[in-house]
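Asks: Take a look at this one; I'll ask things after.
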Amino acid sequence: MNKGDNSEYSNPLYDDSKWLEVRIPNSWARYGLKGYSGFAWYRIKVSAKSLTAYQRQLSVSMGKVSDSYEIYVNGYLLGGNGKLPPDPAIDYDRHKTYPVPVNALADSPDVTVAVRVWKSSESGPSDGGLFEGSFLLGQTVVLVQKEILSSVPEIVLIFLFFLVAINQIQLYRRRHELKEYLWFALLGLDVALYSLMRSQFKYHLFNSFILSKEMEYLFLYIQPAIFIQFMWPLLNKKIPLTLRIYQFACATLAVLVVVTPGLWLNVRTIGWWELALIPVIFFSFYMIVWEAWNGHPEARTIAIGVFAVLLAGLNDIGVDRSLLHTPRVIHFGFAAFVVSMAISLSNRFTRIHKELDLLRQTLEKRVEERTTDLEEANRKLNKLDQMRTRFFANISHEFRTPLTLTIGPLENLIAGQHGEIQPSLKGMLEIALRNSRKILRFINQLLDLSRLEGGRMTLHYERGDLAAYCRQTVAAFTSLAERKQIDLGFTTEPEEIIFIFDRDAVDKILYNLIYNAFKFTPEKGKIWISLSAPNSDSVEIAVKDTGIGISKEILPHIFDRFYQGHERLTDEQEGTGIGLSLVKELVELHGGEVHVESQAGFGSMFSVRLRMQAEAPGVKQENREKGRDDFERGWLKSLSSGPAGPGAAELSSGPGQNNKERILVVEDPSFG
Ligand code: ADP
């Protein structure tokens, strides 16, 4: 090899005995020409004397030459790569095979190959010369075969990296929370693209040397950033700030080398990038080994892969810096890493599967235990339910029967059926009657609630004039209204509303609402009940009063069971908190809804909308009356039975309740 340029150097007869003896592939930096830019020539003379005519079909294979060259055989120019001055163009990546023309060998028994190399001062720190790949002179067929075979591992690896990327992306798509699979997919993709850019296959994609180099740098520079992004979370570690900065620098550099024109930035940053990579690789390796030592299930397998990358990376850095003269092996390092990752991920998969199996078994066991517990609890509940039913039956028997038996004679006594009684005694009897009715009402409400809760309350729908029915219920409050000097009004539009409804339920709904209105409306107030039929299959009943109203705070709770809104209630207002919850449940059972509008100090309005129900076939009022226990029918019935007490009003039922007269009297115990 010789520096300088002389056209004579291609001449096979030229005497090159004084030239420097070199081995290729190697950059000329190794032979004391570090940093040399300009021309240099390489020559080799091979004897072809013993070759047959067939064997003389020769070719020369050229690996990578920095930065451009021309090749001559026996003084014949075969071609070259890139362009030499005066109009130079760098292109040091492409492998080429040149067939030697027959006439080049015709006059000489020897083959003298001369390569005229030019190195630009612009290109990278790796020095010039025939620096990488294989440089061969041989039979054309043999060389072509060799070239094809040498590309097989590369293509297999590129394919493998792509496959890994697709596989991991697929895993990530199924489980988005497994971010490390996404990052490993990106790493695989990056390594695949980088390997492609390092291979000769890239020339099948595009021809521009500069563009291909820029891409290669991009994929190389971004690699450690992706690696960190993948590895740290995989080991359940938080990425430290220094590494975050390093990642950012890598990503920025990767973008910059692509957007800046030419390879100026690339060749000036690669050395620094490699230097910065060394501590990162060592640190990663250290961390993974540490994790493996501490028993991380995946770290051991990964450590082997990272070790391979570390060795390969150090080798290539050494090659770039002319410290080593081995081939570049980084893609084999990556391959080892990918394999280790694949093993580690499949280990992980198996482990997770095992854990899942265990979990399933534990779960099954727990479900079994819980089922037994539940069955036990259910048995207890059933027992409790039976006890409760018995309890309510007892209440009905033990309280209601004696109460009714008390109320009847009391009413008779007060009515004077057993002779005139003294006014003082009469007063005492009235107190006794009021309180007995109060207890009876409470018990009836409790029983209703219990029946509603147990789903045992069934409604019996019948066709009838709802307006007339409500008029009667309202009329029952007339005497009470008189005594409290309350203006009680009733309007209905239209006059007659033929509707299908449950009489008991409507009684209880209306009674409770009017009863509350009386409780919370002071003397000289106003209560009025209005009925309307907005369409043919629904009616609206509104109960308005000018009472104390309900504040915003308690309004949302008034339909809750046992809720009593107002504090400092008078004896008369004191209740049980059952009334409205019973109203709501009955209305809903009747396929309707209840609303309230109220303002503290200005009164309240409760509106009930009932929807038309299907009439129960063959149900007749008489049958129903007969079939039901009189006591179970509720408080209204019990209040209306027997002779009227003092102050009670007798009212005729108005038109048609199956032509049966209903006489309702409200002589409520609370309102003395
Ligand atoms: P109670 O038996 O206590 O009356 P309710 O369920 O019937 O139980 O009513 C719950 C609460 O709703 C009452 O304690 C009262 O605070 C309020 N409330 C009900 N109706 C009226 C009304 N017309 N005016 C003012 N407050 C009312």
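The values are calculated or read from the model by the stated rules, or taken from the named source; none is laboratory data. Bear in mind the structure is a predicted one, so any value in this text is a computation, not a measurement. Positions of Cβ are generated from backbone atoms using ideal geometry, with glycine treated the same way; all protein chains shown enter the neighbour counts. Note: accessible area is taken over every heavy atom of the protein model, side chains too, but ligands, DNA and RNA are not part of it. Shrake-Rupley method; radii C 1.70, N 1.55, O 1.52, S 1.80 Å.
Asks: Return a yes/no flag: does the stretch 82-100 have any residue that is out of contact with any Gly (no Cβ under 7 Å at 6 or more places or on another chain), modelled with pLDDT of 95 or more and open to solvent by less than 10 Å² (accessible area, probe 1.4 Å).
Replies: Within the stretch 82-100, none of the residues are out of contact with any Gly (no Cβ under 7 Å at 6 or more places or on another chain), modelled with pLDDT of 95 or more and open to solvent by less than 10 Å² (accessible area, probe 1.4 Å).
Asks: Kindly check whether there is at least one residue in the stretch 593-605 that is over 44 Å from the mean Cα position of the chain (by Cα), closer than 30 Å to Arg463 by Cβ, of a type in the set (A, V, I, L, M, F, W, C) and near the ligand (Cβ under 9 Å from one of its atoms).
Replies: yes
Asks: Additional query: For Phe392, which of the numbered conditions (1) open to solvent by 90 Å² or more (accessible area, probe 1.4 Å); (2) touching a helix residue (DSSP H, G or I) at 6+ places or on another chain (Cβ under 8 Å); (3) among the aromatic types (Phe, Trp, Tyr) fails to hold?
Replies: (1)
Asks: Could you give every pair whose Cβ atoms fall below 6 Å, whose first residue belongs to the stretch 597-609 and is assigned by TED's automatic domain parsing to the domain that holds Phe520, and whose second residue is within 7 Å of the ligand (Cβ to nearest atom) and of a type in the set (A, V, I, L, M, F, W, C), counting only separations of at least 6 or pairs across chains?
Replies: Sorted first by the residue in the stretch 597-609, then by its partner, the pairs are Ser598/Ile550; Ser604/Ile550.
Asks: Let me ask another. Counting just the residues of the stretch 535-567 that are open to solvent by 10 Å² or more (accessible area, probe 1.4 Å), more than 17 Å from Ser604 (Cβ to Cβ) and touching a residue at least 60 places away in the same chain (Cβ under 8 Å), which one comes out farthest from the ligand (Cβ to nearest atom)?
Replies: Filtering first and then ranking leaves Ser536.
Asks: Also, I was wondering about something else. Can Asp465 be described as under 18 Å from Lys584 (Cβ atoms), in contact (Cβ under 8 Å) with a residue 12 or more places away in the chain and either out of contact with any Ser or Thr (no Cβ under 6 Å at 6 or more places or on another chain) or buried (at least 17 other Cβ atoms within 10 Å of the Cβ) (or both)?
Replies: On the way: under 18 Å from Lys584 (Cβ atoms): no; in contact (Cβ under 8 Å) with a residue 12 or more places away in the chain: yes; either out of contact with any Ser or Thr (no Cβ under 6 Å at 6 or more places or on another chain) or buried (at least 17 other Cβ atoms within 10 Å of the Cβ) (or both): yes.
Against the criterion (under 18 Å from Lys584 (Cβ atoms), in contact (Cβ under 8 Å) with a residue 12 or more places away in the chain and either out of contact with any Ser or Thr (no Cβ under 6 Å at 6 or more places or on another chain) or buried (at least 17 other Cβ atoms within 10 Å of the Cβ) (or both)), Asp465 does not qualify.
Asks: Among the charged types (D, E, K, R), touching a helix residue (DSSP H, G or I) at 6+ places or on another chain (Cβ under 6 Å) and not in a helix (DSSP H, G or I) - does that describe any residue in the stretch 227-245?
Replies: Scanning the stretch 227-245, I find no residue that is among the charged types (D, E, K, R), touching a helix residue (DSSP H, G or I) at 6+ places or on another chain (Cβ under 6 Å) and not in a helix (DSSP H, G or I), so the answer is no.
Asks: Now a separate question. Please enumerate the residues belonging to the stretch 468-504 that are more than 16 Å from the ligand (Cβ to nearest atom) and among the small types (Gly, Ala, Ser).
Replies: Selection gives Ala468, Ala475, Ala476, Ser479.
Asks: Go through the residues of the stretch 116-135 one by one and say whether even a single one is at positive phi and either assigned to a loop (DSSP other than H, G, I, E, B) or open to solvent by 10 Å² or more (accessible area, probe 1.4 Å) (or both).
Replies: Looking through the stretch 116-135, at least one residue is at positive phi and either assigned to a loop (DSSP other than H, G, I, E, B) or open to solvent by 10 Å² or more (accessible area, probe 1.4 Å) (or both).
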